[in-house]
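See below for the structure under consideration.
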Amino acid sequence: MSDIPAMRDPFAKEEVTVDMLRDLDRTGPGGLIITDPLQVSYHVTHARLLDLRSPSRVIVYGHADLDRDLHHYAGHWDRTAPHLNSALEEHREAWTNQALCTSSLVRTLREDMRCHGMDLTRRPKFLGTKDGAIRTDDTFALRKNPRITFDLCCVQHRPGSLVTYLAMYDQGRFVSSWPSRITRNGGVPLAVREAPMRAELYLDTRP
C-alpha cells in the first residue's frame, strides 16, 4: 500500500453560507456568486463590476437562482444553502470547465449586454445540441427596471458566428423575442442595442 497521502479537493472545506446568500439577496438583480479556478473561495459580487469577457471568473449562482430556490424551499435559508453546496460539490468541476471553454464570442456578447444596461443574474447553462453545436443560456435583468428580464440563447456551430435568440419577459411573463446571427466583426449586435429600447417602449405603454 502506498504511503503517499491522497490529494484533497481544495474546495472541500469551502462552502456558500447562509450569510453569503443573504448578502446576495441584498445585492439584488445582477448579484452573482463567483469563484476563481486559481483561488479557493466563493464571494458575492455584482455583474456590473465584472468584465464578462474574462474566462477567469466562474459564475456558480445568481440572484435569480436564489429567488427560485427560496420559493422552492418556502423561504428557508437553512435548506437553500445546503442545496447549493450539494450542487457545487457535484457540478463545480464541470461548471468550471464549461466556463473556461466558453467561446470569446459568447463572452463578448455578455459584456455587450452589460454595457447596454442588462446585468447577468443567473448561472449560465451549457448544453449540447443534437447536431453537435454548443448552446449557452443566460438570463439578464434590466438595470433600470429589473422586473424586465432577458433570456439569451446562443447556439454556436462555427467559431466565427452565433445564432442567438433573445426573449424579453415582464416578471416572468413572456413579452416578445427576436432571433439574430452574430459574427466576430459585426460590432455590438443590433439585438443587444435594441433590447433596452424595446423594454422602455414596452414599459411606456403599460397602464
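See the values below:
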item: Extreme residue, surrounded by the fewest Cβ atoms within 10 Å (Cβ to Cβ), among residues of region 160-170 that are within 21 Å of the chain's Cα centre (by Cα) and touching a residue at least 24 places away in the same chain (Cβ under 8 Å); result: Ser161
item: Count of region 171-189 residues which are surrounded by 15 or more Cβ atoms within 10 Å (Cβ to Cβ) and in contact with a Ser or Thr (Cβ under 8 Å, 6 or more places away or on another chain); result: 3
item: Only listed residue being closer than 23 Å to Thr183 by Cβ, buried (at least 16 other Cβ atoms within 10 Å of the Cβ), among the hydroxyl-bearing types (Ser, Thr, Tyr) and touching a helix residue (DSSP H, G or I) at 6+ places or on another chain (Cβ under 8 Å), chosen from Thr102, Thr121, Thr136; result: Thr136
item: Conditions (1) assigned to a strand (DSSP E or B); (2) open to solvent by 60 Å² or more (accessible area, probe 1.4 Å): number failed by Pro207; result: (1)
item: Residue match in region 63-71 (condition: over 27 Å from Ala195 (Cα atoms) and among the hydrophobic types (A, V, I, L, M, F, W, C)); result: yes
item: Every pair of residues 6+ apart whose Cβ atoms lie under 9 Å, when the first sits in region 132-147 and is under 15 Å from Ser103 (Cα atoms) while the second is open to solvent by 50 Å² or more (accessible area, probe 1.4 Å) and aliphatic (A, V, I, L, M); result: Ala133/Val163; Ile134/Leu127; Arg135/Leu127; Thr136/Leu127; Asp137/Leu127
item: Scope region 60-83; condition in a helix (DSSP H, G or I) and more than 15 Å from the chain's Cα centre (by Cα); matching residues; result: Asp69, Leu70, His71, His72, Trp77, Asp78, Arg79, Thr80, Ala81, Pro82, His83
item: Number of the condition not met by Tyr42 [criteria: (1) within 15 Å of Arg123 (Cβ to Cβ); (2) at pLDDT 95 or above]; result: (2)
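A quick yes/no check of all residues on (1) in contact (Cβ under 8 Å) with a residue 40 or more places away in the chain; (2) open to solvent by less than 20 Å² (accessible area, probe 1.4 Å); (3) of a type in the set (Lys, Arg):
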position: Ile34; (1), (2), (3): no, yes, no
position: Val44; (1), (2), (3): no, no, no
position: Arg53; (1), (2), (3): yes, no, yes
position: Val60; (1), (2), (3): yes, yes, no
position: Thr80; (1), (2), (3): yes, yes, no
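The values are calculated or read from the model by the stated rules, or taken from the named source; none is laboratory data. Note that the coordinates shown come from a computational prediction; the quantities given were computed from them, not determined experimentally. Positions of Cβ are backbone-derived with ideal geometry, glycine not excepted, and every protein chain shown enters the neighbour counts. Calculation scope for accessible area: heavy atoms of the full protein, side chains included, ligands and nucleic acids excluded. Shrake-Rupley method; radii C 1.70, N 1.55, O 1.52, S 1.80 Å.
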